[in-house]
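Visitor: I'd like to ask some things about the structure below.
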Amino acid sequence: MDTWLRSAIDYIGSWIEFQQTTAQQPGVMVAFVHRGEVVAEHAFGLANLDTGEKLTPRHRFRIASHSKSFTSAGVMKLREQRKLRLDDPVGQYVSGLHPRVAETTIAQVLSHSSGLTRDGADSGQFIDSRPYLDAKELLAELKGPPAIEPGTRFKYSNHGFALMGLIIEAVTKEPYAAWIKREIVEPAGLRETEPNAPLPRGALFARGHTRKLPLGERCVIPGDNPAHAMASAAGFVATAADTARFFAQLAPNARKSVLSVASRREMTRNHWRVPQSLEGYYGLGVNAGKTDGWDWFGHGGGFQGYISRTCSIPGCELAISILSNSIDGAAPIWMDGAMQILRVFKTRGAADRRLRDWTGRWWTIWGATDFVPIGNRVLLANPQFNNPFMDSGEIEVTGRDTGRLAWAAGVSSHGEPVRRVRDKRGKVSDIWIAGANVKPAVVVAREIARRYPPRKRRPTP
């Protein structure tokens, strides 16, 4: 692995931990897969706020709409076996559909261009006000016509991918969960992935959580309810490592995969532009796009109590999966930040050897500043930001403990000196950035407690 990539992965983990703590999210799990191997995985926070159970990388999350990518891979595998074609009408495999629904093709459903209803007349299955639909209930809702004319635009449909599960069952003559696990999950080497709940006995499971509002506190959402016929759209349960490993295998240049190169190219190419997105597209069961010149594909997921995001970057042979166990989880925002961090490290390269000991997180009462050696400069990153390198200052190191701000924003201290201070043992105790004195978190915490001692406050009426 290139040194710049290793450094970027290390910083992304540190940054996400900071973000999770300051945002007071219950927990977050992140994993990185490079060239098919898990090279880093982290778990921060709690798996269950009620019990205080600590989150570990072995806990499984509901990964929701990531399920669509597994389902699409299953359909592509059947296509490779010449058991179906992408231009086959869905009514060829499932009866009882509205005639116009029956005429839509498998490719249209996989690319969300079938025009089908998103969630039917009552989407309460996604807010725990009703169970997930079974096959009979799903088919009853698909007796109605498409919401819009098929093949006219991208229109997301959970019902469509549930229908794909029924097609897989019709073709294979097996239950969806059993077939997809044997033919897709297990050959991909995923040992911590299940197509649906409940989980095998003894498996660790992270519970979901509500927002703080409107109740005023977070509540635990069990999250272990079966998705029934919706499993092929939203039922999967997995760790971040398994999720990243699977998406890494969908890259056309992956060294190992359950699918042919041709199938992977067809899945990950841009089929439809997603309206109201910044150059976002959809393939067959995967999102796709371009960020700062990098092509990527992946998927997001939202199950009650969980928000997740996975991104595969073929140009870096890297896949990242971020899973959060709260309904306001910031996984999509953190993925955007991770992409920005990767781009900065790739552009500037690995840090010069003489700068590497300048790394660290330092504080004032205003917050934290991360010293991040990259290339021939030390960047002053702001871990509070969604993009920590936005407007970051740059230190040109001139001596063992000296430097100058070679670049800073207009309202900052451009051109002024930087100086590290060492204690009697020779360890750096604090740093002066121009006139700002930054210190370790524990020191600043003590100073805050001393200067602004807590006082008894009247109870809120």
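Visitor: Determine, for each peptide in 210-220, 318-328, 352-362, the mean count of other beta carbons within 10 angstrom over its residues, then list the peptides with the highest first.
Guide: Put in order of decreasing packing, that is 318-328, 352-362, 210-220.
Visitor: Next question. Summing +1 for each Lys or Arg and -1 for each Asp or Glu, what net charge is found among the other residues whose Cβ lies under 13 Å from the Cβ of Val286?
Guide: Working: positive: Lys68, Arg264, Arg265, Arg269, Arg309; negative: Glu266, Asp295.
After counting each charged neighbour, the total is +3.
Visitor: Next question, about the same structure. Output the relative contact order of the stretch 1-350, whole-number percent, from Cα pairs under 8 angstrom with separation of 6+ residues.
Guide: So the answer I get is 25 percent.
Visitor: Turning to a different aspect of this structure: With a cut-off of at most 14 other beta carbons within 10 Å, and DSSP calling the residue loop, which trypsin sites (Lys or Arg not before Pro) in the stretch 366-461 qualify? Please list them.
Guide: Arg400, Lys424, Arg425, Lys427, Arg455, Lys456, Arg457
Visitor: Equivalent ellipsoid semi-axes for the stretch 252-341, as square roots of 5 times the alpha carbon gyration tensor eigenvalues: give them largest first, rounded to whole Å. Don't skip to the end; give the middle numbers.
Guide: Details: eigenvalues 96, 44, 40 Å².
Semi-axis lengths for the stretch 252-341 are 22, 15, 14 Å.
Visitor: Still on this structure, please answer the following. Given the options Ala368, Asn387, Ala449, identify the residue whose Cα lies farthest towards the positive end of the charge dipole of the stretch 353-450 (+1 on Cβ of Lys, Arg; -1 on Cβ of Asp, Glu).
Guide: Ala449
Visitor: Next question, about the same structure. Tell me which of Val94, Ala241, Gly301 sits at the most positive position along the dipole axis of the chain, charges placed on C-beta atoms (Lys, Arg +1; Asp, Glu -1).
Guide: Checked the options; the winner is Ala241.
Visitor: Can you compute the helix-only [θ] at 222 nm over the chain? Use -39500 (n - 2.57) per DSSP H run of at least 4 residues, normalise by all residues, nearest 500 deg cm²/dmol. Walk me through the numbers on the way to the answer.
Guide: Values: 12 runs with 122 residues, N = 461.
Value at 222 nm, helices only: -8000 deg cm²/dmol.
Visitor: While we're on this one: Holding the Cα-Cα limit at 22 Å, pick out from Lys68/Lys256; Lys83/Lys143; Lys68/Lys136; Lys77/Lys173; Lys68/Lys155; Lys136/Lys173 the pairs that are longer than that.
Guide: Working: Lys68/Lys256 20 Å; Lys83/Lys143 25 Å; Lys68/Lys136 20 Å; Lys77/Lys173 15 Å; Lys68/Lys155 14 Å; Lys136/Lys173 17 Å.
The pairs that break the limit, which is 22 Å between Cα atoms, are Lys83/Lys143.
Visitor: Give me the three principal axis extents of the stretch 316-414 from the C-alpha atoms, as integers in angstrom, largest value leading.
Guide: Projected onto the principal axes, the Cα atoms of the stretch 316-414 cover 47, 36, 23 Å.
Visitor: Starting from the Cα of Lys54, draw a straight line to each of the lysines and keep only those under 27 Å, dropping any in the same chain fewer than 8 residues away.
Guide: Lys212
Visitor: Any chance you could check the Cα centroid distance between the stretch 138-212 and the stretch 314-382 for me, in angstrom?
Guide: Computed from Cα coordinates, the inter-centre distance equals 34 Å.
Visitor: Please give the net charge around Val39, taking every other residue with its beta carbon less than 15 angstrom from that of Val39, where Lys and Arg add +1 and Asp and Glu add -1.
Guide: Taking every other residue near Val39 into account, the sum is -2.
Visitor: Could you work out the Rg to Rh ratio of the stretch 164-301, with Rh taken as the Kirkwood radius (inverse of the mean 1/r over all Cα pairs)?
Guide: Numbers: Rg = 17.2 Å, Rh = 17.1 Å.
A ratio of 1.00.
We did not get these values from a lab; they are worked out from the coordinates using the rules stated. Computed from a prediction, not measured in an experiment: that's the story for all the values here. Here Cβ is always computed from backbone atoms with ideal geometry, including for glycine, and neighbour counts include all displayed protein chains.
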